[in-house]
Every structure is written in C-alpha cells, then in structure tokens.
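Following: one structure in structure tokens, then a few remarks.
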Protein chains: 2
Amino acid sequence: MAKEMLLDRCAPLQRMQHLPSAQASGRVLSQDIPSPVNLPGFDRAAMDGFAVRSGETKGAKPNAPVYLDHFLPMRAGMPVPAEFDAVVMSEDCMVRGATLEITAQMHANKNVSRIGEDITAGETVFSEGHTFRPPDVALLSALGIGEVWVYERPRVAVIPTGSGLVPIGGRALRAGEAYEINGLMACIYAEKWGAIASKTEVVPDDEGLIREAISSHCNADLIVIIGGTAIGEKDYVPRVLEEMGELLVHGVRLQPGKPTAFGVVGGKPVVCLPGYPVAALSDLYLFVRPALQRIGHRSDWVPRVSAPLARKIASRPNYLSVVRVVLKDGQAEPIMISGAGILSSVARADGFVVVPEEREGLEAGETVEVELFE
Amino acid sequence: MAKEMLLDRCAPLQRMQHLPSAQASGRVLSQDIPSPVNLPGFDRAAMDGFAVRSGETKGAKPNAPVYLDHFLPMRAGMPVPAEFDAVVMSEDCMVRGATLEITAQMHANKNVSRIGEDITAGETVFSEGHTFRPPDVALLSALGIGEVWVYERPRVAVIPTGSGLVPIGGRALRAGEAYEINGLMACIYAEKWGAIASKTEVVPDDEGLIREAISSHCNADLIVIIGGTAIGEKDYVPRVLEEMGELLVHGVRLQPGKPTAFGVVGGKPVVCLPGYPVAALSDLYLFVRPALQRIGHRSDWVPRVSAPLARKIASRPNYLSVVRVVLKDGQAEPIMISGAGILSSVARADGFVVVPEEREGLEAGETVEVELFE
C-alpha cells in the first residue's frame, strides 16, 4: 500500500541532543536511563507515629498492651534509624513517661518504605524510545537526573507551489488568485506532531524553480510539497521527483486526496500533497503524521471517540474515504459536502471518519471511530 | 460534589488579547467572526475545460454534438466570466477551428464553484468560544483575516510547601529530604492545558509564610498549593485558607487524593493538592484540569481508549478511585501498587481508569475507558 511505501523510506532519526530534564516533556529519549540512586534513598516512615523494633511488639493487642523503652517519634517522610524496623501509628499507642504503650503487633517494615522500594539504584527507569510526559519529568527530577539525551526533532521543509497563489498577509487578491494557506496548515501540524517546520516562499509552476527549491532543502528530514500533483500538463512536481531521484507513488486511492505523490530525493522522503485544502488535510493526517512519527520515534495517539453515525455515508468503492463529521447529541453527523475546496466544512467539523476501501459506505447507526482534529 | 463546588467558583476569564491569526492555533476565540468576503470571491472553474453558456448546450449527446461559437478555455481555479455559466470538461468536447464541438448537455453552474458557495460575506465563520485548530487558521487566512481576538491564557500560580523539600537541581539530599517535583509537574500540565504557569520557591511549613505566598499571588486566576493538606498539627494550608477567605472543601472521597482542599481567597479559586506525587497527579487530572478548562473557555478531550481489564481492580467503596494502568496486548493491566508515593508506577503507566464511587472495584474482562497521560 502507498503509505507503507512511504514509511519504508522514512528512517528514524539518529541525531541526538542533550536537554535539561525540565524541558524534556514531549521529547523522545534516545538511550536507556539507569537510576543513579535508590528511591527512597533511606528507610522512610510512611505514617506519623513512633519507630519501634517489631520483635519487641509481639502479642500486643488492645486488651494486652506491650510496653517499650526504645522508640522514636516519627513524622511521615522522616528517616527511620537502622535500629528500628517498623512505625506504629499514633492511634495504636500512647506515650506514658519514658515508656511507649502499644496495642498492636507490628511486623518488620510495617509503615516503612524501604530504601530502594520504589526504584533501585542501577535499575532502568526509562528505556530508549520513551516519550516523556510531565510525571516522567517529575520522576527524573526526584532521582536528581538533571539532563537527558533525546532525539532531535525532525526537520520538515514545506514547499508550497502554484502560480495563482499569494502569500498570506500579502496584497489583496485579484480574480483567479487565492492565499497560500496549505503551507501554514502543514507547518502548524508538523510542529504539533513534534517537528521543526520551515516554509519556503510560494514556488511558481516552473519545473526549474521547483527543482531548485527541492535541492536547497535536502537537509530536511522530510520534504512536503503542496500543489502541482494532479495528472495534467502543468503538474510538474511528480516529473521533477522522477528526474531528481525516485518517484515511488503517483496517485493514491484516497478520497479526497487522489493526486498525492511520494518520492525520495537525496535519500530524503518527499510527500506531495494536492493543493485543495481539504485533500491536503486528509493527506497530512494519513501520510505526513505517520511519516513524522516514524522519523521522530513517536507513537502518540490521535484523540478519538466512538459514536454512532447520524446518517449513512456513501463512499467510492476501492477508495479509502475521509469523511468530516460533526459530533452532536452523542452522534457523528457526516458533512456531505463534496468538493475538496470547501474549507468551511473543515471549520465546522470536529473530526473525521475513515471509510475502509472494502466498504461502499457506512450505515446510519453504525458505531464509528471519530479521529478528532487536533 | 467537591468538584462542582470548586468549578462553581472558577469564573471563565474575561480578559482578551489581539493575535495574528497564524499564532491562533490552540487559542479560544472571544467574539464571533463574520466573513469579510465571499469564498470563492468569484465564479470559479472547478475543472479544466471550456466555459460555455449552458442554454446553448441543450440536447448535446455523443451521437448528437452541438457546436458553439462562444466559449473560453479554462483551467481549474480560474474565474468564469459573467457571460458564461458552466464549464464543459475537456473529455466532453473538442475544438474545431473557431468552433467547440460538445457532446454533453450542461446545466447552469455545472463545474462552476459559485461566488460565496463556500462562505458568504457576512456569514459567521467562527463563534465565540471556538478553539482554533490548524485548518481553522488556514480558513482565517483564506478569508484575509489577519488578526483575531482571543481570551488570554489563564494565569496559574503554583506554590509548593514543605520543610523537607529541596529545589530541583539544588544541593544533594540529606536523609529525610526529597526534591520538590510536584510543582514542576503541575506547571508543565498547566501549560499543556492552555495556561501560563509560574512557580514560587518552596514555602516551609509556616503559617505566616504560606499566608504571604498566597497574598502575593492573588493576581493569578487559579492558585495551586501543594502539600500541607493532610489532617494533622502541621497542616497549615486549609487553616490559612479559612482565615484568609473561604475553605470550601477539606478532604474528598478520592483514592489516592483524600487530603485535597479547595478554597477561595480574594475571589480567586485555590486548589490544595496532597504532597504525594501520585495523589497530586490524580488531583491535577480530576480537579485542576476541569478548573483550567472552565477558566479558559476550553473543552478539549483527554485522549482515551477503550480496553478490557486484564485483571480485576479492588477499590474502596464510596470513594472515587484512580487506578494507573499499562496498555499491553490490547488490554488494560492495572498497576496494583498501593502507596501514593510510588512515582515509578506512574512512569510505567500509560494512563488511568476511574472507578466510580458506587462500585467496589471492576471485574477482569470488563471494558474500561483508559484516559491516557498527556
């Protein structure tokens, strides 16, 4: 399948960098981390009470108290000296002068967190490939690990093409023109998905200029070209890929998103998205996101919910279909506007449903997985 | 319920700020946006072909072509001049000298995207309260909307307390001490949940100093105090809240997380978290996240998956229990380590399952919703 052909050419990044642990949330660890210390670092009282020797408490009961001469007041979190091995809770004892009257028998380590009980020095705390979350950063800090090695964030070069496109914030549009918006959308998503994205100027429909733009971005880990992929006389991009390197795929059975192409130039994967924004968005989720995950060693989930379909969905047989839906009253309501240019349908949508190739649509009431737009 | 008592005192923020649209992703719109223009801004060819007058194509069929004198070559995206009202695809016609032979009847607007078909000038494109996603930013840009008004991000002040706590990266620990890690965890989560977080120095267990720390952070939209909430002689925090303002709740039926308190000081909500990291984490998800959502006008979902339980979970009746789980072979495996101090259990967990108060545990094989740690 097309996606696998792309992913086969996306190599997990090997470049690493050193970071303060406090900045590691969301980053991917590039080597195993053994704990430098025990956690807790000492036998620790788990309760307020008194440290005692468990052997001396034998037989203690409410109606048969035992009296101890050796004991030490404790607060939860304090170290329990080596001569003691248990903590009796305040409820189960009473100080009588220099003596402690206790009414419960203690076993060894009762109410004591033993040294290394949580983590033993030398034990692997996190393994290579782990994506740090906030509690992981807390654990690193608890262990006194101030810095970590992580994989660098993948670099993505986004190259928008098309002669009728005007940069956002540029001059007012003339008839036949549109603002170049897919490049911005691709960059924001790439950053959200863990990459560092940069966008070139809009490249006109000119084979030489497209070639030049690709050449000058072969230091990126993934190149995303937008527009110029349909099958027609002005669609230079796949032809340029073929000449500069390898064209892996041109045209996929995806609706919207048929005019998609994948290639490799200078060893770097290139994804060519259609210029229609709704199709470009499908491609970003179906191809660019998994490519970036693979390059960046990540496996985060797209947030999703299950919901019954409010109405049936028709789809083209043998095509994977991406259908935008609105979540309303616990149901997924398909937005059945055809036309990959209808951007307002995306703004109204909460997410999308993927109809598999082997289905010719989905029935009303059928439970579907809705992937939510992030 | 405790959470509702807290949320009742969390007012949605009214402060707004002006932002370039390209920076609006993830931010919440503070006013309705009407479209300044039509989209498309002109009648636009949806296909490559020829612009024609549909009335002149009547009866055209493959075996009964019609010949037109008035037509204009078109590429998809080009404006269709007012004298024409349809575009015939290249496949359905042939140029013969100055005449176009067409073999398909066109109806009005065939293959034409009419002006304003996607969005009409004046139509509300996004409503107050909408959280912008990347395609929304693309749509704003397509409409030439360069700046938007959004709600400010809530300000959160995090105040860690406890005399045995040493700042992260500070000196080596002495027996009985630990690094203060909950404050860092709370800050990273607050930022992830859309807030701007700042953390004070560790405040010792001293009523006067805690009072001072709260006073000097009443400009925050939410105050999070960590530690000093258990019921005992040194647990100053709830007492301080009572004296400075209002103590709403002290102690909740949550496991772990019982020693939680909520209050209001100077009109600002205050959440007091237990000092044990696992309990603090439960509280962050169960109380701080919804509080920040309410203050910040947000409603994003926690990413979650459904999975059958690999083993039964026991839980304390009449308590809401938060149980960490690992996802393994499509099942949710509970991590049954008791002790809210066991931070390594969180590092091993993929997420958590909430056992409702009315259940005394969950059965093996039962399908549960796992909320994934972000």
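Computed from the coordinates by the stated procedures, all read-outs in this text should not be read as laboratory data. Here the structure is a predicted model, which means the values were calculated and not measured. Glycine gets a Cβ as well: all are built from the backbone with ideal geometry, and neighbour counts include every protein chain shown.
Quick query: amide H of B:ALA121 versus all other amide H atoms, modeled in the peptide plane; which residues come in under 5 Å with a sequence gap of 5 or more or a different chain?
Close amide H contacts, sequence-distant or interchain: B:ASN38, B:LEU39.
For the range A:310-359 and the range B:203-270, what is the centre-to-centre distance using only Cα atoms, to the nearest Å?
First find each Cα centre; the distance between them is then 48 Å.
Once Lys and Arg get +1 and Asp and Glu get -1 on their Cβ, which of A:LEU13, A:ALA46, A:SER35 lies farthest toward the positive end of the dipole of the range A:1-46?
It is A:LEU13.
Among the listed pairs A:LYS328/B:LYS110; A:LYS258/B:LYS110; B:LYS3/B:LYS268, which are separated by more than 25 Å between their Cα atoms?
With Cα atoms farther than 25 Å apart: A:LYS328/B:LYS110.
Run down the aspartates and glutamates and flag those whose C-alpha is under 15 Å from the C-alpha of B:LYS199, throwing out any fewer than 8 positions away in its chain.
B:GLU180, B:GLU191, B:GLU212, B:ASP221
Only bridges with both residues in the protein assembly as shown count here: give the DSSP antiparallel percent, nearest 5.
If I count the DSSP bridges inside the protein assembly as shown, around 75 percent turn out antiparallel.
With θ set to phi - 60°, apply the Karplus curve 6.51 cos²θ - 1.76 cosθ + 1.60 along the range B:40-50 and write out the HN-Hα couplings as whole Hz, x wherever there is a Gly or Pro.
x, x, 7, 5, 10, 5, 8, 9, 6, x, 9
How much length is gained if the chain between B:LEU209 and B:ARG75 is pulled fully straight, taking 0.36 nm per residue apart and subtracting their Cα-Cα distance, in nm to one decimal?
41.0 nm
Please report the relative contact order for chain B, taking Cα pairs under 8 Å with a sequence separation of at least 6, and give it as a percent rounded to a whole number.
So the answer I get is 16 percent.
Which residue, A:GLY263, A:GLY361, A:GLY162, has the most motion in a Gaussian network model of chain A that connects Cα atoms within less than 10 Å?
In this elastic network of chain A, the residue with the biggest mean-square fluctuation among A:GLY263, A:GLY361, A:GLY162 is A:GLY361.
Between copies, how far apart are the B:LYS312 label points? List them in nm, one decimal, shortest first, with each point 7 Å from Cα toward Cβ, please?
The answer, with the shortest distance listed first, is 4.6 nm.
Where does chain A land at 222 nm, in deg cm²/dmol rounded to the nearest 500, when only DSSP H runs of n ≥ 4 count, each adding -39500 (n - 2.57), divided by all residues?
So the helix-based figure for chain A works out to -4500 deg cm²/dmol.
Distances from B:ALA172 to the same residue in each other copy, label points 7 Å out along Cα→Cβ, in nm, shortest first?
Copy-to-copy label distances for B:ALA172: 7.2 nm.
Could you identify which residue out of A:GLY257, A:GLY183, A:GLY146 has the top mean-square fluctuation in a GNM of chain A using Cα springs shorter than 10 Å?
A:GLY146
Between A:ARG75, A:ARG239, A:ARG294, where does the largest GNM mean-square fluctuation fall for chain A, given springs only between Cα atoms within less than 10 Å?
A:ARG75
To test your reading of the geometry: what angle, between 0 and 90 degrees and rounded to tens, separates the Cα axis of helix A:182-192 from the longest principal axis of chain A?
Helix A:182-192 sits roughly 10 degrees off the main axis of chain A.
Using 7 Å Cα-to-Cβ label points, what is the A:ALA175/B:GLU201 separation (nm, one decimal)?
The two pseudo-label positions are separated by 7.1 nm.
Normalised by the residues of the range A:142-250, what does the relative contact order come to in percent, with Cα pairs under 8 Å and at least six apart?
32
Normalised by the number of residues in the range B:318-374, what is the relative contact order in percent for Cα pairs under 8 Å and 6+ residues apart?
41
Taking a label point 7 Å out from Cα toward Cβ, give me the nm distances from A:SER216 to the same spot in the other copies, shortest first, one decimal.
Ordered by increasing distance: 5.2 nm.
Tell me which residues come under 5 Å, amide H to amide H, from B:SER321 once H is placed; ignore anything under 5 positions away on its chain.
B:GLN255, B:VAL355
So who's got an amide H within less than 5 Å of the one on A:ASP43, skipping anything under 5 residues away but keeping other chains? H placed 1.01 Å off N, in plane.
Placed amide hydrogens put A:VAL80, A:ILE115 under 5 Å from A:ASP43.
Tell me the label-point distance for the pair A:GLN23, B:GLU191, using the 7 Å Cα-to-Cβ offset, in nm and rounded to one decimal.
That separation, rounded to one decimal, is 1.0 nm.
Using the alpha-carbon centroid of each, what span in Å lies between the range B:1-70 and the range A:1-75?
A separation of 52 Å, based on Cα centres.
Neighbour counts of other C-beta atoms within 10 Å: give me A:VAL325, A:VAL249 arranged from fewest to most.
Exposure proxy ranking, most exposed first: A:VAL249, A:VAL325.
Find the chain B residue whose Cβ sits closest to the rotation axis that carries B onto A, and give that distance in whole Å.
Output: B:PRO303, 2.
Any idea what the dipole of the protein assembly as shown comes to, in debye rounded to 20, about its Cα centre with Lys/Arg Cβ at +1 and Asp/Glu Cβ at -1?
Roughly 20 debye, rounded to the nearest 20.
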